[in-house]
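The values are calculated or read from the model by the stated rules, or taken from the named source; none is laboratory data. Nothing here was measured: the structure is a model prediction, and the numbers come from that model. We place every Cβ from the backbone using ideal geometry, glycine too, and count neighbours over all the protein chains shown. Heavy atoms of the whole protein, side chains included, go into the accessibility calculation; ligands, DNA and RNA do not. Shrake-Rupley method; radii C 1.70, N 1.55, O 1.52, S 1.80 Å.
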Amino acid sequence: MTETTEKCSVPAVGITGITKRFGDVVAVDNIDLSIADGEFFALLGPSGCGKTTTLRMIGGLDFPTEGSLRIFGDEVGTLPPNKRPVNTVFQNYALFPHMNVLENVGFGLKMQKVNKSDIAARSRQALDMVQLGHLAERRPTQLSGGQQQRVALARALVNEPKVLLLDEPLGALDLKLRQEMQLELKTLQRELGITFVFVTHDQEEALTMSDRIAVMDSGKLLQVAEPEAIYERPANRFVADFIGNTNLLEGTVADSTTVVLANGSRVEASSDHAAGTKVAVSLRPERAYCHEVGGAPSAHSTIDGKIRGTTYLGNAVVYRVALDWMELDVREENRPGMAKFEQWQEVTVSWDPSAVAVVAD
Amino acid sequence: MSSTQQMRGTTKWALNLNAVLVYLFFYAPIFLLVVYSFSNDNLVGRWGGFTFNWYREFAANDEVQTALSVSIKVAIISTLVSVVLGTLAALALERATFRGQRIFDALLYLPIIIPDVTMAVMMLLFFTQGINLLDSWFGIRLSKGVTTVTLSHIAFSISFVSIVVRARLDGMNQKLEEAAQDLYASRLQAFRYVTLPQIMPGIAGGALLALTLSLDDVVITQFVAGPGSTTLPVYVFGLIRRGVSPLINAVSVVMLAISVSLVLLSLILQRTRSGADAA
Ligand SMILES: Nc1ncnc2c1ncn2[C@@H]1O[C@H](COP(=O)(O)OP(=O)(O)O)[C@@H](O)[C@H]1O
Ligand SMILES: [Mg+2]
């Protein structure tokens, strides 16, 4: 490996074997993670899984109990936060209430002893970047949630950090504003080229925004991959269930291309689990189809059942199909000519065998 | 409908009456005190025409003047010291974890629940022993006086200051300090630029409380005072025993005026602070 490629491959954040304990609680459990320079990286998982703790360790607000943490190759494990080239957008913004917007934004520069006129100029510039130039003299309490969020962003970015950490930055915003900000954040990140590490418990947000996603549960890292891979090829049952909606059909691996479902039927599903492994076949509702009994394409795997309920979503209809041993959701897009089914009608559910994923625990 | 309205009317009327009575109860004595401090009569409660005599005597009386200056000196020093120590104690309890924190927490508030007389006896005993020990071990000769009075005032003020500051610290968002550190502030800078401005109203309130407590105290001061350390309240107390003259009315009005000015001052300070912040 040559000198130059070596340099390019230094990760923005390199985490090796990091564990964080609070007394008996293991908040983060021996994780390894490498975040590339310029990446938009999401830490995704349910509440309490250790996302914030991981982020705080990168920022220096918590120190790892064990393991090594590098930022652009430099070990920072127990360096205090003010000695790291990293800034944070806090969960509830944590703006300083006794300073106005401009003073909030300039705080980091003031602490770095930048001269006064530069502080003013750069702070104004950062505020303009988030379109809040006109509110510079306001108090944080006089701003809406969305505006506070932008101030927090400007306050962090004005310092030109090498890595920006964001802890559920959009969590407190309503849906419409949230979607707007998702787009804006993404655009900003592309323009600035700064590495963003973004914590969220919202899988849709993670899928929309990130280059790569790390899924966490109970302090453990379950899968790190691009959004598409996470959705299409979940590493285990938890990831399949947590990302999007899915039907998990319990079964046992028979061979590399066949799974025997809990009702005894054999379906085609390729996996590299050993024969006899307890698995679930993850079938996404939008990958399944409902037909009149016997009307399924011959290449499809099928299961027969009865319509138990219908949910009308406008752009789609979700049928809940009762089998003898479980229930399945099937999502049909609301296109002209969409097949309609009655309550308790007998139907055949089918899917393309290549559209399912086999997941173990 | 109309009966509830009537009830509401009655309730309102009763509440108003209550307010009037309470205020009357509070302010009538003050009103009387101020009025009779201008009474030209040698009896405390008799009106003998308007005069400034008692205030003239107040200004001319050396004992009163000395007592006043002792009071002010003790109040200022004990306030400064107890504000610093009380704030540090509050910070230690709210922001740090250390062995024996619970016990320290409980002990810190002891002076508030201990009766004044008990505290006074404790202090007296402590100072007597301490002075003897200093004398016999190091040959340092100390006697009861302004120093012992000031030390006692510091001792009972710390608890009050730390309670007030702690309440403020407790209400403050701790994430702010983390945000400051994330923005390149050292721990000291985070304290100076974020924590301190946030808890300033608490510190000012605590200081005011300490000042008032010091200016007010009779019981403890009387026990630990020595020659030359008579404070104004102790002096007034002594006057009563010696037979009352309307001079004590004038002295009391002056003390009242000082207290009221302190409160006003703190209000003005807080207002200009927030005014400056808004600009
Ligand atoms: N300062 C702390 N003291 C004790 N336990 C903590 C502390 N911070 C976090 N935890 C625990 O660690 C786990 C992970 O917390 P956190 O990282 O905040 O999760 P998330 O951000 O994913 O919701 C939780 O069980 C939480 O209760
Ligand atoms: Mg969190």
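The table for this structure:
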{"quantity": "Filter result for A:V86 (open to solvent by 70 Å² or more (accessible area, probe 1.4 Å), of a type in the set (A, V, I, L, M) and either away from ligand 2 (no atom under 16 Å from the Cβ) or in the same structural domain as A:L192 (by TED's automatic domain parsing) (or both))", "calculated": "no"}
{"quantity": "Single unsatisfied condition, B:A185 versus (1) open to solvent by less than 30 Å² (accessible area, probe 1.4 Å); (2) modelled with pLDDT of 90 or more; (3) part of a helix (DSSP H, G or I)", "calculated": "(3)"}
{"quantity": "Selection within the stretch A:36-55 - within 6 Å of ligand 1 (Cβ to nearest atom) and either over 14 Å from the mean Cα position of the chain (by Cα) or not assigned by TED's automatic domain parsing to the domain that holds A:V197 (or both)", "calculated": "A:G48, A:T53"}
{"quantity": "Selected residue (only one of B:I199, B:I112, B:I154, B:I163 is open to solvent by less than 50 Å² (accessible area, probe 1.4 Å), part of a helix (DSSP H, G or I) and away from chain A (no Cβ under 14 Å))", "calculated": "B:I154"}
{"quantity": "Unmet criterion (only one of (1) more than 14 Å from chain B (Cβ to nearest Cβ); (2) open to solvent by 20 Å² or more (accessible area, probe 1.4 Å); (3) within 16 Å of ligand 1 (Cβ to nearest atom)) for A:S9", "calculated": "(3)"}
{"quantity": "Residue identified as at pLDDT below 90 and buried (at least 16 other Cβ atoms within 10 Å of the Cβ) among A:A296, A:A269, A:A235", "calculated": "A:A296"}
{"quantity": "Qualifying residue in the stretch A:38-53 (condition: within 14 Å of chain B (Cβ to nearest Cβ) and under 25 Å from A:D211 (Cα atoms))", "calculated": "yes"}
{"quantity": "Qualifying residue in the stretch A:196-204 (condition: within 16 Å of ligand 1 (Cβ to nearest atom), out of contact with any helix residue (DSSP H, G or I) (no Cβ under 9 Å at 6 or more places or on another chain), under 26 Å from A:V28 (Cβ atoms) and open to solvent by 70 Å² or more (accessible area, probe 1.4 Å))", "calculated": "no"}
{"quantity": "Residues being near ligand 1 (Cβ under 10 Å from one of its atoms) and under 25 Å from A:P161 (Cβ atoms) - total across the stretch A:14-35", "calculated": "3"}
{"quantity": "Counted residues, the stretch A:62-74 - those being over 14 Å from A:S34 (Cα atoms) and open to solvent by 30 Å² or more (accessible area, probe 1.4 Å)", "calculated": "3"}
{"quantity": "The lone exception for A:T208 - which of (1) over 10 Å from the mean Cα position of the chain (by Cα); (2) away from ligand 2 (no atom under 16 Å from the Cβ); (3) open to solvent by 30 Å² or more (accessible area, probe 1.4 Å) it fails", "calculated": "(1)"}
{"quantity": "Which numbered condition A:D74 misses (of (1) touching a residue at least 12 places away in the same chain (Cβ under 8 Å); (2) more than 14 Å from chain B (Cβ to nearest Cβ))", "calculated": "(1)"}
{"quantity": "Condition met for A:K110 (open to solvent by 70 Å² or more (accessible area, probe 1.4 Å), within 14 Å of chain B (Cβ to nearest Cβ) and not hydrophobic (A, V, I, L, M, F, W, C))", "calculated": "yes"}
{"quantity": "Any hit, the stretch A:77-84, residues being within 16 Å of ligand 1 (Cβ to nearest atom) and away from every other protein chain (no Cβ under 14 Å)", "calculated": "no"}
{"quantity": "Total residues in the stretch B:127-144, condition among the β-branched types (V, I, T) and either touching a residue at least 60 places away in the same chain (Cβ under 8 Å) or in a loop (DSSP other than H, G, I, E, B) (or both)", "calculated": "1"}
{"quantity": "A:L153 closer than 24 Å to A:F41 by Cβ, within 12 Å of another protein chain (Cβ to nearest Cβ), touching a strand residue (DSSP E or B) at 6+ places or on another chain (Cβ under 8 Å) and open to solvent by less than 50 Å² (accessible area, probe 1.4 Å)", "calculated": "no"}
{"quantity": "Check on A:L170, within 13 Å of chain B (Cβ to nearest Cβ) and either open to solvent by less than 10 Å² (accessible area, probe 1.4 Å) or within 21 Å of B:Q181 (Cβ to Cβ) (or both)", "calculated": "no"}
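This table checks each residue for (1) modelled with pLDDT of 95 or more; (2) of a type outside the set (S, T, Y); (3) more than 16 Å from ligand 1 (Cβ to nearest atom); (4) closer than 16 Å to B:A185 by Cα.
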{"residue": "A:F96", "(1), (2), (3), (4)": "yes, yes, yes, yes"}
{"residue": "A:V105", "(1), (2), (3), (4)": "yes, yes, yes, yes"}
{"residue": "A:E168", "(1), (2), (3), (4)": "no, yes, no, no"}
{"residue": "A:L175", "(1), (2), (3), (4)": "no, yes, yes, no"}
